[in-house]
Amino acid sequence: MSSTSPSSETVPPVSLISVERSNSFPTPSSAANSGAVAEIIPITPEQASNQADSSQLASQSIHNSASHPHHHQAEAKWQVFTSTFITIFLAEMGDKTQIATLLMTAESHAPWVIFLGAATALIATSLVGVLLGRWLASRLTPQTLDRAAAIMLLFVAVMLIREVIQQS
């Protein structure tokens, strides 16, 4: 009588692949001289097929990013744009500028004229901020700019607290 144990299932054949490991991103020209450590990893045929598919995708991705170096710069600029838009949009919500725009629109009954005037003013003040920021960044270190901004915000906070105390 022959007994079959659950652990005696058919094991798929095993292949071995060599993998190079390195701290830097490998390139085809630097692979031989990279000083990378080779490691043998046992894998099943299914894993080998999946590995081949992912290697092809990775090589296509490497080729695409190498042939389009400006892609990463453009992506970084869009991230900065999005971050700036969200920050300013949220900061301006309920701000006195928005309230003034709301009141002026209600009084004048000319919403598009108010919109154009307010938008032009916000663009102009943003331009002043960008130009001043660029000028300061070329003359001061980021740490000095951070400290100056902190001192100015602290000054504004103290003035607001003083005003509240005087009114009560």
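Averaging Cα coordinates gives a centre for the range 69-110 and one for the range 145-162; these two points are 23 Å apart. Here the calculated FRET efficiency for Thr97 and Gln73, from their Cβ-Cβ distance with R0 = 35 Å, stands at 0.60, rounded to the nearest 0.05. Calculate log10 I(q)/I(0) of the range 88-168 for q = 0.16, 0.22, 0.24 Å⁻¹, where I(q) comes from the Debye formula with a single equal point scatterer on each Cα and nothing for solvent. One equal scatterer on each Cα of the range 88-168 leads to -0.89, -1.07, -1.11.
Just so you know, all these numbers are worked out from the coordinates, no wet-lab data involved. Please read these numbers as outputs of a predicted model, since none were measured by experiment. Using ideal geometry, Cβ is built from the backbone for each residue, glycine included, and neighbour counts are taken over all protein chains shown.
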